[in-house]
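Before any comments, here is the structure.
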């Protein structure tokens, strides 16, 4: 297949009409339908990079419970009935990515969320996206969250080598909820 790309993103396929595209990055493949899918995936990839470069809610709630601050999270969670602060940390041992999540819960709803972490773009962007989704959700709604919800947030296919990166945020959240209830943390098999 022969093609050429010009300055205005004008694409010529051998034996096909000239077509114009308004995209930053252009991937060319033989089938037009596949090309459209790749362009759409590129838009999702840009969303992931945006969340990685400009993470949302990447602050931990202050130990005093008076709002989100840049102070370190308390060593333990303070939980009383349907209110309190829950703090939990998880590490993906296969790559070293880490997340700490802090949730302020009032009347069985998340009223504040903060997180901190280090790792790849997928793990950090997924936590940023999830943090936006969690505000105002009830504990029951959180319990019903599944890995497909995270994959939908990301909007790109996640291969078997990166699934732990993508799901680290959900794994951390679910174990924070277990910690809140006084239960032991679950392993990765619980998300399978």
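The values are calculated or read from the model by the stated rules, or taken from the named source; none is laboratory data. As the structure is a computational prediction, the values presented were derived from the model and not from experiment. Positions of Cβ are generated from backbone atoms using ideal geometry, with glycine treated the same way; all protein chains shown enter the neighbour counts.
Annotation note: Cβ proximity below 9 Å between a residue of the stretch 153-175 that is at positive phi and a residue that is in a helix (DSSP H, G or I) (sequence gap 6+ or interchain) occurs for 155/40; 155/41; 155/43; 155/44; 155/45; 155/47; 155/48.
The strands (runs of 3 or more DSSP E) located wholly in the stretch 83-192 include none with 3 or more residues which are over 15 Å from residue 60 (Cα atoms) and either at pLDDT below 95 or touching a helix residue (DSSP H, G or I) at 6+ places or on another chain (Cβ under 8 Å) (or both).
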